[in-house]
1. Could you tell me the accessible area of Glu87 in Å² (1.4 Å probe, neighbours in place), rounded to the nearest ten?
2. What whole-number distance in Å separates the alpha-carbon centres of region 252-284 and region 630-691?
3. Which value, in debye to the nearest 20, describes the size of the charge dipole of region 48-191 about its Cα centre when Lys and Arg Cβ atoms bear +1, Asp and Glu Cβ atoms bear -1, and nothing else is charged?
4. Go through Asp528, Asp355, Asp278 and list them by solvent-accessible area, largest first, probe radius 1.4 Å.
5. Viscosity 0.890 mPa s, temperature 25 °C: give me the Stokes-Einstein translational D for region 550-616 in µm²/s, with Rh taken as the Kirkwood radius over C-alpha pairs.
6. Taking the Cα centre of the chain as origin, sum charge times position over the Cβ atoms of Lys and Arg (+1) and Asp and Glu (-1), and report the length of that vector in debye to the nearest 20.
7. What percent of all Cα-Cα pairs in region 231-316 falls into each 10 Å bin, going from 0 up to the bin containing the maximum distance?
8. Taking only protein heavy atoms into account and a 1.4 Å probe, give the accessible area per residue of the chain in Å².
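The values are calculated or read from the model by the stated rules, or taken from the named source; none is laboratory data. Since the structure is predicted, the reported quantities are computational estimates derived from the model, not experimental observations. With ideal geometry, Cβ positions are generated from the backbone for all residues, glycine too; neighbour counts draw on all protein chains shown. Accessible surface is based on the protein model in full, side chains and every heavy atom, while ligands, DNA and RNA are left aside. Shrake-Rupley method; radii C 1.70, N 1.55, O 1.52, S 1.80 Å.
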Amino acid sequence: MNDIKLSRRLFVSAGLLAGGGFVLGFGASPSEAQSAAAQLTDYVAVAADGTVTIRAKNPEVGQGVKTMLPMIIAEEMEVDWAQVKVETAPLNEKAYGPQFAGGSMTTPMNYDNMRRAGAAVRAMFVQAGAQALNVPAGELTASRGEVIHKPTGKRIGYGKLAAAAAKVSVPDLTTVALKDPKTFTLIGQFKGGVDSPKIVRGEPIFGIDTVVPGMKYAVLAKPPVYGAKFRSANLDAVRKLPGVTQVFTLEGKGDFHGLQDCVAIVADKWWYAKTARDQLEVVWDESIGTPHDTATYDAQAAKLLPGEGEAVRTKGDVKAALIAASQTIEAVYETPFIPHVPLEPQNCTAKVTADGIEIWAPTQLPGGGRRLVSQALGIPEEKITVHMIRGGGGFGRRLENDYMLEAAAVAQKAGVPVKLLWTREDDIAYDYFRPGNYHRLQAGLDKAGGLTAYRAHGVTFGRDGKPAQGAGITPDGFAQMTVANYQLEQSLIETLIPTGYLRAPSSNSLAYVHECFLDEVAHATDKDPLDFRLQLVEDALKASAEAPKDGRAAAYDLKRIKTVLETLKIRSGWGQTKPKPGEGFGVATYFSHRGYFAEVAKVRVTPQGEWRVLKVWVVGDVGSQIINPAGAINQVEGSVIDGIGELRQLITFEKGRAVQSNFHDVPLMRMSEAPRIDTHFILSDNPPTGLGEPALPPVIPAVCNAIFAATGVRVRKLPLTTEALAKKA
């Protein structure tokens, strides 16, 4: 995903709500804010009965932003959370700014703006209260949805002041008074998700639940190899099957994110459509996929790794330092392609209208989806309405909107509203996979066991000569910060396979590679792995190591990771417990998406190679404020479980086809396998940032390092298998 530039400017405009209420709109310009405030689909509305409606601007895919963002506004507004109703905002990037879920960006993009907006509303109600009571505004305060006259104790609810507040001039957001965080009464409190009761009751709130009048159901038969061309099919025979209303082909345009050649089957019920697809006999020209086998990729990597790649980052003279080293250590690591597999498979509902098209989509990037549909189908963006429907998991898969375009294209050609629904097999076969990669690592040590050189050559996958989407090799590991002589190189294997962003993209595999190798280096020098990391940080701090930026995130702050490691050591009781036979502890750390995390995993491995993670201790620094601890802990625990689950997954390819197909060969972690998780946040003097991703990368190497401690088996290739860990006779 491209970097998002944060705007320091935000304009608001107030207006009257029908029935005498207050409504506030935001915009990137005064005119946009005024336009937004003139509608009922705005940001904040206070009804005459005191009900506060706050609209959450970003898509909800389980990361908790639908609860978290309104909490920020409500805190500064000084309203009771029980007064607040939360709705999902319409897609309107002119009014709301960027509306997407990805990159752990929601908090850093919105925290300050949301606070200022809430503070502006509070100030306007205080001003309206001053007019109503005929007292100076300075004698008033606001609390729990009321304006209070401190000298007399008189109170007026926001509802009674709403109409008057709507006529007050909006204060300058750059100077509006914000609350002292020490006085927060809502931010920092555990709040359940606003949708949680509906989910528990099984209410239809997900994309897959969407129903519109006159709707038909659609499935697609897509080529098993990306880019393969349609040749022929028994379309007439399928048209005669029960419940089938239409069968037609759609032509792919060669757009990586868009349509492929496919056959659409539209039916009265989804099962009719799916059953008809089972009887469809399609001939594809799959020759484009012939060279794309996992075995071929492995062979190409084996040839590239011993050589040199394109330098990504260089510090000092790594070659000279390796030659001068008293001891060198070398290893090759490998990670596979893996899929996203959100529990709710891809789906979308679309209805063509006289004016354009209306779309209901569980998407992480609704604006991108609208632009994709507009460009592919020739419909002006302003004539495309996209409803952001809650998604049953995203993990980056729903940043792609191929399923949105498919539904829109089918609805356009069929002339009826359609719900397109993929099967689980579709979801795995047509994923934008987390790309695999290969790494040759070299470390140089001096006579005292100090790390003097670190060289990493990563072979990853490319498309048209550039790193494929989600495949770039980045230097987020702290070796680049702590070693005087460092070089990171990258080579590419050209691939046809669609690749994309999986939760903590790049970091989810690079953390495994570098943190496991660092563990090897520590053991090679008979040093405690956690103390070894702390010593590297201490040495770098003494050397006043410069903190480079990674391109889109804040500079690496060694002091923050030092505190995280020190806290983890205490909290996990590192080194204080002697593990039982077959058990071991492992540690790892990583910096990604502005978050500093370190984790300790405790594992048990049986002589037969069966492994289980018993407990994970997590310490993280994501800034000065945890807005909703309930949501934050959920994100950390979900990251840990996701990361451990990925240790069992892989996707391989034969002539361009994904070999694995469903949960029987792409296992997810079961509830019975979940470890105990201890989560601790360090509140540092830094702006709050997001939590969707940075807690995931360290758990993978922490588990692998714990397995080494338990068994002596160094895991240099994923996925983890019982065969690799079983004691040899």
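1. Probe radius 1.4 Å; accessible area of Glu87 about 70 Å².
2. Here the two parts' Cα centres lie 31 Å apart.
3. Computed about the Cα centre, the dipole is about 180 debye.
4. Asp355, Asp278, Asp528
5. Reported coefficient: 179 µm²/s.
6. Here the size comes out at about 1080 debye.
7. 14, 27, 22, 15, 12, 8, 2, 0
8. Result: 40 Å² of accessible area for each residue.
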